[in-house]
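The values are calculated or read from the model by the stated rules, or taken from the named source; none is laboratory data. Because the structure is a prediction, the values reported are computed rather than measured. Because the Cβ atoms are built from the backbone with ideal geometry, glycine has one as well, and the counts that use them run over all protein chains shown.
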Amino acid sequence: MPRAADGVRPRLVSVQSTESGRPAGVVPRLTHPAARRWYPGAMIGLLYQISVLVGLWTAVGDTATKVTATALLVVVYVGFLLLPPLLWWESERVRLTGVGVYFAFTCLLFPFIGTATTWTWVYVACAAGMVLTSARTSIIIIGTIGALQLAIIFLAGEFDDSWYIALVTVSIGVMMSAFSRQIASLRALREAQGEIARLAVIEERARFSRDMHDVLGHSLTVVTVKSELARRLVPLDPARAEDEIADIERLARSALADLRAAVAGYREMSLSTELAAAQAALAAADIEAHLPRNGDGVDPELRELFGWVLREGVTNVIRHSGSRNCWVTVTEDRLEIDDDGRGMAGVGAVGPGSAADQRAPGGVALPSAGGNGLDGLIARARPVGARVLVSASPHGGVRLTVRKAEA
């Protein structure tokens with residue numbers, strides 16, 4: 001893993017690499033999901049350079065000089081787009097070298113466009129903020145660039161007209177540095193949430209293992225002892241041996257009943273566990289999750305149903321909605337799942353009190369999969385007197401609601 005200058009940004013390197021592994025070459029880095037998210041904002045940032053190009057071509061000068069300057073500017077712009085994705089997975093030394101080379105290249109523009117070259121240093125500051133792992137180093141570099149801009153503008157006698165270039169450079173550079181660290185913290189949080197969910201599964205498996213030992217260990221030990229006793233009693237006291245065999249049968253049936261009860265408890269849906277699993281699943285799908293911490297306040301009669309609805313609803317948000325956010329609201333007798341995705345045209349109510357086919361006219365059915373879609377939720381809601389509603393969400397997507405029906 002790449003080395004870092006301090007303990008802040010190593011997390012950024014690791015979380016950027018966790019999304020689809022560390023890219024091994026230039027093309028995988030430039031096509032990585034993180035790179036694809038970088039390009040739109042970076043291209044918008046290049047709109048600042050329109051004034052530089054207009055000033056270049058409207059100024060007095062020969063065409064060859066203008067063409068050369070334009071070619072250099074295009075390289076600067078392309079470098080701004082490609083440099084961060086190429087450096088994100090490198091060591092701190094390589095990152096510093098890349099930013100330094102980029103800065104040096106922009107200085108080639110001085111003979112062609114003069115002090116207007118300092119406008120391109122906005123992109124050097126942005127690149128430093130986005131790729132350097134050390135916050136202190138990036139701030140020092142950004143501040144130094146701003147100071148150089150002020151010095152050059154002052155020496156050129158353009159301070160009164162152009163001093164704000166340094167202000168723009170430093171402010172945008174610092175903002176990009178802070179934004180980069182915010183993204184790193186968010187991704188580290190998502191990674192931690194996934195780890196918490198994984199540990200919860202491990203703990204549940206350990207609990208089940210303990211339960212199996214507690215349920216079966218004693219019963220099977222007694223069955224073994226009584227079987228040995230019955231075998232010895234068969235030639236000596238057949239009547240007593242028959243009693244022991246009957247007792248063995250009773251113990252075996254009791255152990256089987258205990259085993260079935262333990263498995264039923266293990267398979268029972270837990271709302272709190274599903275909330276943790278939903279958090280991890282949404283994070284893995286790069287969907288911002290807005291979830292309650294637990295479902296302790298829910299009516300015990302509705303907790304299992306809410307767990308199934310949460311699992312199905314989150315699955316559909318991930319697979320079909322194309323959303324960027326998912327909201328889950330839980331009260332004593334109501335569960336709502338909202339997204340800001342593509343949305344659905346109709347509204348449907350199912351459960352007690354709906355149409356005979358358990359679907360209101362114009363209702364929208366969620367995709368079914370082995371009884372776990374809308375039809376499965378209908379079947380689970382009916383025994384506890386609950387209703388399932390699919391409607392348009394105020395966030396622009398779909399709202400899936402399950403609530404206790406009014407008496």
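Quick test for you: out of 137, 144, 118, 106, pick the one residue that is among the hydroxyl-bearing types (Ser, Thr, Tyr), more than 19 Å from residue 53 (Cβ to Cβ) and either surrounded by 16 or more Cβ atoms within 10 Å (Cβ to Cβ) or in contact with a His (Cβ under 7 Å, 6 or more places away or on another chain) (or both). It would help to see each step written out before you state the result.
On the way: 144 fails: either surrounded by 16 or more Cβ atoms within 10 Å (Cβ to Cβ) or in contact with a His (Cβ under 7 Å, 6 or more places away or on another chain) (or both); 118 fails: more than 19 Å from residue 53 (Cβ to Cβ); 106 fails: more than 19 Å from residue 53 (Cβ to Cβ).
Residue meeting the stated conditions: 137.
Checking residue 172 against (1) hydrophobic (A, V, I, L, M, F, W, C); (2) farther than 30 Å from residue 282 by Cβ; (3) surrounded by fewer than 18 Cβ atoms within 10 Å (Cβ to Cβ), only one condition comes out false. Which one? It fails just one condition, (3). Evaluating residue 172 against the criteria (1) in a helix (DSSP H, G or I); (2) within 35 Å of the chain's Cα centre (by Cα); (3) farther than 19 Å from residue 45 by Cα leaves one unmet condition, (3). Taking the criterion of being buried (at least 16 other Cβ atoms within 10 Å of the Cβ), over 13 Å from residue 317 (Cβ atoms) and either in contact with a Cys (Cβ under 8 Å, 6 or more places away or on another chain) or not β-branched (Val, Ile, Thr) (or both), the residues of the range 384-404 that qualify are 386, 387, 389, 391, 392, 403, 404.
Evaluation of residue 234 against the conditions (1) among the hydrophobic types (A, V, I, L, M, F, W, C); (2) farther than 30 Å from residue 273 by Cα; (3) within 48 Å of the chain's Cα centre (by Cα) shows that the sole unmet condition is (3).
Rundown of residues vs (1) part of a strand (DSSP E or B); (2) crowded, with 18+ Cβ neighbours inside 10 Å; (3) without any contact (Cβ under 8 Å) to a residue 24 or more places away in the chain, yes/no style:
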residue: 302; (1), (2), (3): no, yes, no
residue: 305; (1), (2), (3): no, yes, no
residue: 308; (1), (2), (3): no, yes, no
residue: 312; (1), (2), (3): no, yes, no
residue: 316; (1), (2), (3): no, yes, no
residue: 323; (1), (2), (3): no, yes, no
residue: 326; (1), (2), (3): yes, yes, no
residue: 329; (1), (2), (3): yes, no, no
residue: 336; (1), (2), (3): yes, yes, no
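So which of 236, 229 is modelled with pLDDT of 80 or more and not in a helix (DSSP H, G or I)?
Values: 229 fails: not in a helix (DSSP H, G or I).
Exactly one of 236, 229 is modelled with pLDDT of 80 or more and not in a helix (DSSP H, G or I), namely 236.
Here 185, 209 are screened, and the one residue that is touching a Lys or Arg at 6+ places or on another chain (Cβ under 9 Å), within 27 Å of residue 274 (Cα to Cα) and of a type in the set (S, T, N, Q) is 185. When the range 200-226 is limited to residues that are over 17 Å from residue 261 (Cβ atoms) and small (Gly, Ala, Ser), the one that is modelled with the highest pLDDT turns out to be 200. When residue 115 is tested against (1) hydroxyl-bearing (Ser, Thr, Tyr); (2) assigned to a helix (DSSP H, G or I); (3) within 36 Å of the chain's Cα centre (by Cα), just one condition goes unmet, and that condition is (3).
Quick check on this structure: which one of 99, 67, 54, 78 is closer than 24 Å to residue 145 by Cβ, modelled with pLDDT of 90 or more and surrounded by fewer than 16 Cβ atoms within 10 Å (Cβ to Cβ)? It would help to see each step written out before you state the result.
Numbers: 99 fails: surrounded by fewer than 16 Cβ atoms within 10 Å (Cβ to Cβ); 67 fails: closer than 24 Å to residue 145 by Cβ; 54 fails: modelled with pLDDT of 90 or more.
Within the list 99, 67, 54, 78, the selection yields 78.
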